[in-house]
Amino acid sequence: MTAPAAVIVGPPGAGKTTVGQAVAALLGVDFADTDHLIEQRAGKPIPEIFFDDGEDAFRALERTTIAEALGSFPGVLALGGGAILHEGTRESLREHTVVFLSVELSDAVKRVGLGAGRPLLSVNPRATLKYLMEQRRPLYASVATHTIATDARSPEEIAAELAALLKNPG
């Protein structure tokens with residue numbers, strides 16, 4: 001079984017994709033974002049999956065995609081913000097090096113904009129994001145091997161810290 005070098009989790013706006021790509025480059029490995037893998041598999045963007053098929057269908061596709069990637073992808077893997085809601089996914093993550101990119105609401109709002117292309121943030125995005133972050137924070141923390149605060153820091157700075165952690169796990 002090939003395992004990811006690291007799995008990155010966190011809320012929308014934490015920088016999972018940006019930091020993940022930078023860390024992968026520093027480590028000389030590939031990067032994958034499960035949201036992108038899901039879109040490839042479904043043949044359509046995530047907002048359309050939510051609209052056409054519903055959140056349950058999206059979450060089922062997400063679980064399958066993550067399970068496959070955890071068993072076969074050797075690079076840095078970023079998970080969608082809601083992936084940790086599923087208990088089976090959280091169980092699977094316990095066998096991996098998981099990095100929780102923590103972000104406060106004000107920074108997340110600046111980074112995400114308010115909801116473009118994010119189906120769960122289409123109604124009252126600021127309040128919804130605040131609720132999602134509060135609801136999910138304990139779940140992110142429960143699967144994390146490392147937690148890195150991203151507020152007021154550049155993606156390069158965060159990636160350098162994370163790459164150093166992964167190279168020297170002690």
- Message: Condition first: without any contact (Cβ under 8 Å) to a residue 60 or more places away in the chain and either on the phi > 0 side of the Ramachandran plot or in contact with a strand residue (DSSP E or B) (Cβ under 7 Å, 6 or more places away or on another chain) (or both). Now tell me which residues in segment 35-78 satisfy that.
- Response: 43, 54
- Task: Go through 6, 57 for me and flag whichever is among the aliphatic types (A, V, I, L, M) and surrounded by 15 or more Cβ atoms within 10 Å (Cβ to Cβ).
- Result: 6
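One line per residue, one yes/no per condition, for (1) open to solvent by less than 30 Å² (accessible area, probe 1.4 Å); (2) at pLDDT 75 or above; (3) assigned to a helix (DSSP H, G or I):
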| residue | (1), (2), (3) |
| --- | --- |
| 116 | no, no, no |
| 128 | no, no, yes |
| 147 | no, yes, no |
| 151 | no, yes, no |
| 158 | yes, yes, yes |
- Test for residue 30: is it over 14 Å from the mean Cα position of the chain (by Cα) and modelled with pLDDT of 95 or more: yes
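The values are calculated or read from the model by the stated rules, or taken from the named source; none is laboratory data. This is a predicted model, so every value here is computed, not measured. Glycine gets a Cβ as well: all are built from the backbone with ideal geometry, and neighbour counts include every protein chain shown. In case anyone asks, the SASA skips ligands and DNA or RNA and just uses the protein heavy atoms, side chains included. Shrake-Rupley method; radii C 1.70, N 1.55, O 1.52, S 1.80 Å.
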